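Read the structure below first, then the notes.
The values are calculated or read from the model by the stated rules, or taken from the named source; none is laboratory data. Everything numeric in this text was worked out from a predicted model, so none of it was measured. All Cβ positions, even for glycine, are placed from backbone atoms using ideal geometry, and neighbour counts span all protein chains on display.
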Ligand code: PHE
């Protein structure tokens with residue numbers, strides 16, 4: 001009876017008390033085992049009754065132990081131990097960050113939002129019409145080789161149905177103008193692909209942001225103003241730039257914009273950031289827009305180039321390796 005009472009009253013509110021209880025009542029050296037072993041010395045007529053009572057006691061001890069154990073495990077308010085020091089700073093949580101390309105892309109987008117541009121996009125797998133023909137690339141003209149194209153053969157018997165991985169974002173201009181009558185003012189960010197050898201400076205894919213503005217009386221001065229405003233927001237007010245004549249089949253006249261890029265670690269140099277021009281009348285005709293009534297400008301910029309100069313990244317492949325040691329440098 002005494003043991004039963006002790007066992008029922010035991011306070012099992014810590015790991016230590018629980019272990020002491022187990023040793024005292026349930027282990028092989030515990031008192032119940034001891035008493036069971038002593039049954040043989042009792043009078044024969046008492047043995048059966050004693051055995052029954054002791055076994056009941058053992059069951060009781062077991063169930064108290066199990067109950068207390070699970071109560072302790074689920075009790076979060078248990079006494080703190082040394083390893084729970086609440087004054088220690090928490091372990092750092094690993095938090096991801098935006099890829100440097102996304103950071104640049106988002107900044108470019110937000111500048112053009114403020115200039116009144118909307119956003120459009122199109123497929124990365126294009127057909128010849130959108131990527132070349134509608135953009136005034138003459139058929140079989142070497143201009144198509146200007147951009148080393150990845151072709152996708154749909155039909156072995158009919159190369160005429162080949163698709164291409166778009167080599168620039170300009171085909172989205174065509175899709176947009178087919179969908180929406182002017183005025184149009186949009187940027188078109190996205191991935192483009194070129195079959196170039198992979199080096200520190202070129203990769204088989206990269207990102208462009210295309211821009212298109214078609215309205216009444218859009219002029220070259222509007223284009224220059226837009227580009228300069230954009231670049232001074234992205235690169236800072238002390239921007240030094242130059243605009244050079246260039247050639248693209250889909251713009252006339254065409255130009256390229258360079259910015260002077262200089263950092264503490266690097267001597268200054270001119271860096272080409274975009275191509276642009278006034279939308280060629282043939283492009284407007286290809287999408288049934290009257291070139292006598294509407295004019296427009298377009299531009300296309302390389303996001304990798306811009307990102308690499310801003311963050312002083314000297315190998316384009318770093319942007320595609322997904323190496324955490326690199327990515328963690330752009331919180
Ligand atoms: N599509 C051209 C390129 O990839 C860039 C460009 C876009 C030029 C729009 C003029 C107008 O090089």
Review point. Give me the pairs: first residue in segment 263-281 and more than 21 Å from residue 222 (Cβ to Cβ), second residue crowded, with 19+ Cβ neighbours inside 10 Å and at pLDDT 95 or above, beta-carbon distance under 8 Å, and six or more apart or on different chains, which are they?
Key: 272/257
Check your understanding: Which numbered condition trips up residue 78, out of (1) within 30 Å of residue 15 (Cβ to Cβ); (2) loosely packed, with under 15 Cβ neighbours inside 10 Å; (3) modelled with pLDDT of 90 or more; (4) under 60 Å from the mean Cα position of the chain (by Cα)?
Key -> (3)
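Surrounded by 13 or more Cβ atoms within 10 Å (Cβ to Cβ), over 22 Å from residue 102 (Cα atoms) and within 27 Å of the chain's Cα centre (by Cα), is that true of residue 196?
Numbers: surrounded by 13 or more Cβ atoms within 10 Å (Cβ to Cβ): yes; over 22 Å from residue 102 (Cα atoms): yes; within 27 Å of the chain's Cα centre (by Cα): yes.
It is true that residue 196 is surrounded by 13 or more Cβ atoms within 10 Å (Cβ to Cβ), over 22 Å from residue 102 (Cα atoms) and within 27 Å of the chain's Cα centre (by Cα).
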Review point. Residue 69 is checked against (1) at pLDDT below 95; (2) exposed (fewer than 14 other Cβ atoms within 10 Å of the Cβ); (3) not in a loop (DSSP other than H, G, I, E, B) and fails just one. What number does that condition carry?
Key: (2)
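Out of 212, 165, I need the residue that is more than 11 Å from the ligand (Cβ to nearest atom), surrounded by 14 or more Cβ atoms within 10 Å (Cβ to Cβ) and more than 16 Å from residue 319 (Cα to Cα). Which one?
Details: 212 fails: more than 11 Å from the ligand (Cβ to nearest atom).
Of 212, 165, the one residue that is more than 11 Å from the ligand (Cβ to nearest atom), surrounded by 14 or more Cβ atoms within 10 Å (Cβ to Cβ) and more than 16 Å from residue 319 (Cα to Cα) is 165.
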Review point. Does at least one position in segment 97-117 carry a residue that is farther than 28 Å from residue 231 by Cα and either more than 16 Å from the ligand (Cβ to nearest atom) or in contact (Cβ under 8 Å) with a residue 60 or more places away in the chain (or both)?
Key: no
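Can you pull out every residue in segment 168-181 that is touching a residue at least 60 places away in the same chain (Cβ under 8 Å), surrounded by 20 or more Cβ atoms within 10 Å (Cβ to Cβ) and more than 11 Å from the ligand (Cβ to nearest atom)? Give the steps one after another, and end with the answer.
Within segment 168-181, the subset touching a residue at least 60 places away in the same chain (Cβ under 8 Å) is 168-170, 173-174, 177-178, 181.
Those still in the list that are surrounded by 20 or more Cβ atoms within 10 Å (Cβ to Cβ) too: 168-170, 173-174, 177.
Listed by number, the residues that qualify are 174, 177.
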Check your understanding: Restricting attention to segment 185-203, does a residue exist that is within 14 Å of the ligand (Cβ to nearest atom) and over 25 Å from residue 309 (Cα atoms)?
Key -> yes
